[in-house]
Amino acid sequence: MTDVPAFSIDDPATVADPYPAFTQMRAAGRPVWNDDLGMWLAFRHADANAVLRDRSLGRVWRARVPEDAWETFNWLHADALLENEPPKHTRLRRLVAAAFARGNIDARRPRIQELCADLLDGCATKLAATGSFDAIADYAEPLPVLVIADLLGVPDDEIGPLRPWSQAIVKMYEYDRTAEDDRRAEVACREFAAYVAELVERRRVEPGDDLVTHLAQVEAEGERLTAHELAATVVLLLNAGHEATVNGFGNGLVALMDHRDQWDRVVADPWGLAATAVEEMLRYDTPSALFERTALADVEIGGSTIREGQKIAALLGSANRDPEVFADADTFDVGRDPNPHIAFGAGIHFCLGGPLARLEMQQSLPMLAQRFPSLEVLGTPVKRSTFVLRGYDTVPVTA
């Protein structure tokens with residue numbers, strides 16, 4: 001077995017810029033075992049794709065202990081689509097997909113454009129008053145929260161806690177958590193679940209044309225979502241429905257600012273390049289770096305044997321820079337086509353909210369380019385100090 005370099009997600013340099021390390025790890029030509037994480041890591045596109053698709057690998061939820069301290073957190077995940085395999089996953093996805101179909105995601109386009117325009121008006125006001133605005137706090141972050149809240153039927157005056165709840169919960173997907181992070185996550189789970197339960201009851205009495213109403217009513221082959229499954233689905237949709245969009249847009253915008261020729265291309269043809277530019281933003285600096293699976297039986301992935309019970313993670317960001325799949329993989333090209341990235345996963349766990357995230361980004365990017373064609377970074381963007389969910393806390397810009 002050829003020696004491979006050490007890889008640590010605790011290394012600040014790797015957290016800040018993992019791509020040089022990814023290049024070294026792909027050179028191993030196979031998944032490699034990582035002692036620090038206690039799992040196999042798949043860096044090549046072919047291997048990561050196999051991890052996502054191989055039915056010998058699955059999501060195996062293990063309740064956190066002590067269970068009385070983690071009660072809400074545990075059932076929110078045990079009954080969530082993401083943490084289950086067939087047959088439960090099949091039933092949940094069928095029910096949720098039916099509700100999404102009734103909601104008709106593409107029909108949200110005019111509303112998304114309206115929200116973008118309102119946020120851009122706010123950015124313009126800040127720009128006139130102070131000479132700058134924050135592309136994350138003032139645009140990328142509020143937009144998907146507003147969109148998913150509108151889709152779910154959350155009233156405008158109740159949106160405030162959604163993002164803080166989500167940020168506290170998704171922090172649990174990182175590997176450098178503190179005891180305080182754990183405490184905040186469980187509190188957020190309890191408060192979020194209680195809110196969803198109350199909202200569902202309101203929608204049962206006063207149904208609307210929104211996803212919570214549809215989820216409460218949806219039925220397929222005589223089955224419906226249980227109360228816990230409904231709450232877990234709404235929480236997952238909000239968490240997954242905006243975390244990837246916020247980070248995907250922010251990461252991609254910084255890449256555009258760093259590659260002015262590509263920004264100029266978008267400015268010159270904002271709607272014509274919207275689709276390919278968004279895919280490249282998601283590929284070039286993938287917002288979700290890692291997705292775990294567990295071997296349900298011994299399985300070989302890319303020449304490495306994963307024993308039953310062992311975990312293996314697909315390194316999505318590394319896979320999306322694999323030169324075996326992408327020509328000039330480290331080059332940012334807003335016209336790249338084809339672009340078979342796996343930023344939204346693959347197989348049965350392909351992100352259900354992927355079409356909504358794409359739609360949001362395909363509206364928000366060209367509208368930003370049209371409104372502020374001379375946009376540029378002012379100062380230094382502040383990165384989040386996390387490995388799994390890559391993004392920026394602030395991106396100060398001027399125009």
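Give Trp75, Trp40 a once-over and let me know the one that is part of a helix (DSSP H, G or I) and among the aromatic types (Phe, Trp, Tyr). Quick ask: steps written out before the conclusion?
Numbers: Trp40 fails: part of a helix (DSSP H, G or I).
Among Trp75, Trp40, only Trp75 is part of a helix (DSSP H, G or I) and among the aromatic types (Phe, Trp, Tyr).
What residue, of Arg62, Arg26, Arg53, is touching a Ser or Thr at 6+ places or on another chain (Cβ under 7 Å) and either basic (Lys, Arg) or at positive phi (or both)? Steps first, answer last, please.
Working: Arg62 fails: touching a Ser or Thr at 6+ places or on another chain (Cβ under 7 Å); Arg53 fails: touching a Ser or Thr at 6+ places or on another chain (Cβ under 7 Å).
Just a single option satisfies the conditions, and that option is Arg26.
If we scan region 53-69, do we find a residue that is surrounded by fewer than 20 Cβ atoms within 10 Å (Cβ to Cβ), modelled with pLDDT of 95 or more and of a type in the set (A, V, I, L, M, F, W, C)?
No, region 53-69 has no match at all.
Which ones in region 184-198 are free of Cβ contacts under 8 Å to residues at least 24 places away in the same chain, closer than 17 Å to Lys171 by Cα and open to solvent by 50 Å² or more (accessible area, probe 1.4 Å)?
Step one: list which residues in region 184-198 are free of Cβ contacts under 8 Å to residues at least 24 places away in the same chain, which gives 184, 187, 194, 198.
If we keep only those that are closer than 17 Å to Lys171 by Cα too, we end up with 184, 187.
Within region 184-198, just Arg184 meets the criteria.
Within region 347-391, how many residues are open to solvent by 30 Å² or more (accessible area, probe 1.4 Å) and outside any helix (DSSP H, G or I)?
15
Within region 127-164, track down each residue that is open to solvent by less than 20 Å² (accessible area, probe 1.4 Å) and assigned to a strand (DSSP E or B).
Phe133 - this is the single residue of region 127-164 that is open to solvent by less than 20 Å² (accessible area, probe 1.4 Å) and assigned to a strand (DSSP E or B).
Which residues, counting only those in region 258-277, are out of contact with any strand residue (DSSP E or B) (no Cβ under 9 Å at 6 or more places or on another chain) and either part of a helix (DSSP H, G or I) or buried (at least 20 other Cβ atoms within 10 Å of the Cβ) (or both)?
We begin by selecting, within region 258-277, every residue out of contact with any strand residue (DSSP E or B) (no Cβ under 9 Å at 6 or more places or on another chain); these are 259, 261-262, 264-277.
Within region 258-277, Asp261, Gln262, Asp264, Arg265, Val266, Val267, Ala268, Leu273, Ala274, Ala275, Thr276, Ala277 meet the criteria.
Of everything in region 165-183 that's within 20 Å of the chain's Cα centre (by Cα) and either charged (D, E, K, R) or open to solvent by 70 Å² or more (accessible area, probe 1.4 Å) (or both), which residue is farthest from Ser8 (Cα to Cα)?
So, considering only residues that are within 20 Å of the chain's Cα centre (by Cα) and either charged (D, E, K, R) or open to solvent by 70 Å² or more (accessible area, probe 1.4 Å) (or both), the one farthest from Ser8 (Cα to Cα) is Gln167.
Per-residue answers, yes or no, for (1) modelled with pLDDT of 90 or more; (2) closer than 19 Å to Val246 by Cα; (3) part of a helix (DSSP H, G or I):
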| residue | (1), (2), (3) |
| --- | --- |
| Lys171 | no, yes, yes |
| Asp176 | no, no, no |
| Val187 | yes, no, yes |
| Ala193 | yes, no, yes |
| Val196 | yes, no, yes |
| Leu199 | yes, no, yes |
| Leu225 | no, no, no |
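Could you list all residues from region 1-50 that are at pLDDT 95 or above, crowded, with 17+ Cβ neighbours inside 10 Å and of a type in the set (Phe, Trp, Tyr)?
Phe22, Trp40, Phe43 - these are the residues of region 1-50 that are at pLDDT 95 or above, crowded, with 17+ Cβ neighbours inside 10 Å and of a type in the set (Phe, Trp, Tyr).
In region 301-322, which residues are touching a helix residue (DSSP H, G or I) at 6+ places or on another chain (Cβ under 8 Å) and either among the β-branched types (Val, Ile, Thr) or assigned to a loop (DSSP other than H, G, I, E, B) (or both)?
Ile301, Gly302, Ile312, Asn320, Arg321, Asp322
Within region 78-97, restricting attention to residues that are outside any loop (DSSP other than H, G, I, E, B) and surrounded by fewer than 16 Cβ atoms within 10 Å (Cβ to Cβ), which residue is modelled with the lowest pLDDT? Working first, answer last.
Restricting attention to region 78-97, the residues satisfying the condition of being outside any loop (DSSP other than H, G, I, E, B) are 78, 81-83, 88-97.
Going one step further and asking which of them are surrounded by fewer than 16 Cβ atoms within 10 Å (Cβ to Cβ), we end up with 88, 90, 94, 97.
Numbers: Lys88: 90, Thr90: 89, Arg94: 85, Ala97: 80.
Checked region 78-97; the qualifying residue modelled with the lowest pLDDT is Ala97.
Conditions tested, residue by residue: (1) open to solvent by 10 Å² or more (accessible area, probe 1.4 Å); (2) more than 30 Å from Met172 (Cβ to Cβ); (3) at pLDDT below 90; (4) in a loop (DSSP other than H, G, I, E, B).
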residue	(1), (2), (3), (4)
His214	yes, no, yes, no
Val234	no, no, yes, no
His242	no, no, yes, no
Leu256	no, yes, no, no
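Mind listing just one residue for me: the one in region 181-212 that is β-branched (Val, Ile, Thr) and touching a helix residue (DSSP H, G or I) at 6+ places or on another chain (Cβ under 7 Å) and, of those, nearest to Val147 (Cα to Cα)?
Out of the qualifying residues, it is Val212.
Taking the options Asp47, Asp79, Asp54, name whichever one is in contact with an Asp or Glu (Cβ under 7 Å, 6 or more places away or on another chain), touching a residue at least 12 places away in the same chain (Cβ under 8 Å) and acidic (Asp, Glu). If you could, list the steps in order and put the result at the bottom.
On the way: Asp47 fails: in contact with an Asp or Glu (Cβ under 7 Å, 6 or more places away or on another chain); Asp54 fails: in contact with an Asp or Glu (Cβ under 7 Å, 6 or more places away or on another chain).
Result: Asp79 is the single residue among Asp47, Asp79, Asp54 that is in contact with an Asp or Glu (Cβ under 7 Å, 6 or more places away or on another chain), touching a residue at least 12 places away in the same chain (Cβ under 8 Å) and acidic (Asp, Glu).
The values are calculated or read from the model by the stated rules, or taken from the named source; none is laboratory data. In this text, all values refer to a predicted model and were calculated from it rather than measured experimentally. Positions of Cβ are backbone-derived with ideal geometry, glycine not excepted, and every protein chain shown enters the neighbour counts. The accessibility values were calculated without ligands, DNA or RNA, using every heavy atom of the protein model including side chains. Shrake-Rupley method; radii C 1.70, N 1.55, O 1.52, S 1.80 Å.
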